[in-house]
Structure formats: structure tokens, C-alpha cells
Amino acid sequence: VLMDSVYCCTEVIRAAVARGFTVIGWVKKNRRLSDGRRAWDVPEETIAYLQGLEVPVVVVHRGRGKGRRTVICTDLSLSRQQILRHLRGRWGIEVMFRMLKEQFGLGDCRCRGEQSLSRWVELVLLAYVLAGLTRWGKQLLGEKPRWGEVRQKWGWSLIQTVTEVKEWFATLGRLLLWGFQTLSPVSIPKLAQEALLTP
């Protein structure tokens with residue numbers, strides 16, 4: 001589990017480790033170890049306990065001076081190079097979130113209910129995966145499509161599908177109405193007939 005310093009807190013680390021995940025994450029400069037020292041101050045590859053956490057972590061640093069940042073990892077067998085290599089993969093997550101917000105409307109949901117919000121996120125992620133697979137397939141064919149082009153093409157194809165399904169249901173409704181009129185002695189109100197028979 002790759003985290004930035006906001007999510008690299010005791011509760012999240014404990015929950016991830018309890019489920020069998022390795023945690024690699026940035027920590028803030030003022031994050032304390034159980035012995036009172038700051039994680040930022042300890043030497044490279046020190047094994048210690050974060051304050052309030054009963055899970056041992058290895059502490060590594062990246063950069064120098066004021067630009068130095070501190071990373072912790074719950075897998076004590078990983079070397080500094082392996083930890084930093086895994087952490088580099090986190091940048092792809094940032095790119096994905098930016099894409100989801102700018103191109104796929106992740107932040108545009110106007111619903112307030114928890115279930116509605118959850119469904120919105122699921123639909124946005126589904127759209128992202130479908131567009132990503134389409135883009136990847138086009139790249140295998142030697143094309144270089146942009147995300148916007150793939151997303152727009154998917155959008156138009158879905159609109160056409162919805163239109164076809166709507167017309168299919170309208171036809172089915174007309175057939176059912178016709179069958180009901182011819183086989184049933186009960187008359188249907190004229191307003192309902194007009195609503196169903198109008199294309």
C-alpha cells in the first residue's frame with residue numbers, strides 16, 4: 001500500500017498490516033518514533049516503532065537538506081533501493097486521480113447519499129478502465145490516442161446504445177399495448193394509448 005503523508009497514520013497502517021499488506025509511505029517531518037525522536041532525524045535504514053504503533057518499520061530518506069523526505073516501510077526485509085523503487089510507482093496514482101477529476105468527472109457528483117456517492121465512484125472508475133483498455137489497444141496498433149479522444153468516442157458509442165435500447169423498449173411497449181387491446185375486454189384510457197403509441 002503506497003501512501004502520502006496525509007494517509008500514513010496509525011489507524012491506516014494498522015488496518016493495512018492486519019490485512020496482510022505491506023505499507024510504504026511518506027511521513028511528515030514532525031512524526032515521532034516511540035522513543036521520542038523524529039523519524040526525520042534518525043539514520044538511514046533505522047528499524048523503529050512509530051509513536052502509537054506496535055508495528056516495526058524501517059526508516060529511509062530521499063533527498064538532502066531542506067528537500068529531504070522521510071519514508072517508512074513495514075516490510076523490514078526490503079532494502080532502501082527497493083523501497084524507493086516501489087514508492088516511485090505512486091506517481092501513477094496521482095496521474096490517475098488527476099485524470100479522473102479532469103476528464104471523467106470524479107468531483108462532479110451532486111449526490112449526498114453514501115450509496116449514491118459510492119455508485120458514482122464505481123461508474124467513473126468503470127469509464128476510466130474502459131477508456132484505458134481502448135487506449136491501450138490503440139497503442140498496440142501503433143496509434144497514439146489522447147485520453148480526451150478515447151473518452152469522447154466511448155461517450156458517443158454509449159449514447160447510441162442507450163438510444164437503441166430506448167427505441168427497443170418503446171417497440172416492446174407498443175406490442176404489449178396492441179396485444180392487450182386485442183385480447184382484453186377492458187378498454188385502455190385514450191391518454192395512455194397516445195402516450196405509448198407516440199414514437
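The values are calculated or read from the model by the stated rules, or taken from the named source; none is laboratory data. In this text the structure is predicted, and so the values were computed from the model without any measurement. Here the Cβ is made from the backbone with ideal geometry for all residues, glycine too, and neighbour counts use every protein chain on show. For accessibility, only protein heavy atoms count, side chains too; no ligands or nucleic acids. Shrake-Rupley method; radii C 1.70, N 1.55, O 1.52, S 1.80 Å.
Atom-type composition of the exposed protein surface of segment 1-96 places 53 percent of the accessible area on carbon and sulfur (1.4 angstrom probe). Centroid-to-centroid, using Cα positions, segment 56-100 and segment 120-143 are 27 Å apart.
Of 94, 149, the order by accessible heavy-atom surface (1.4 Å probe, DNA, RNA and ligands excluded), from most exposed downward, is 149, 94. Sketch the reach of a paramagnetic label on residue 98 as a point 7 Å from Cα along Cα-to-Cβ, and name the residues of segment 121-151 whose backbone nitrogen lies under 20 Å away. Residues 125, 128-129, 131-133, 135-136, 145-151 fall inside that zone.
Assuming R0 = 30 Å, what is the FRET efficiency of residue 133 and residue 88, from their Cβ-Cβ distance, to the nearest 0.05?
Working: r = 24 Å, r/R0 = 0.80.
My answer for the efficiency is 0.80.
Once the chain from residue 54 to residue 108 is taken as fully extended at 0.36 nm per residue, the excess over their C-alpha distance is 15.5 nm.
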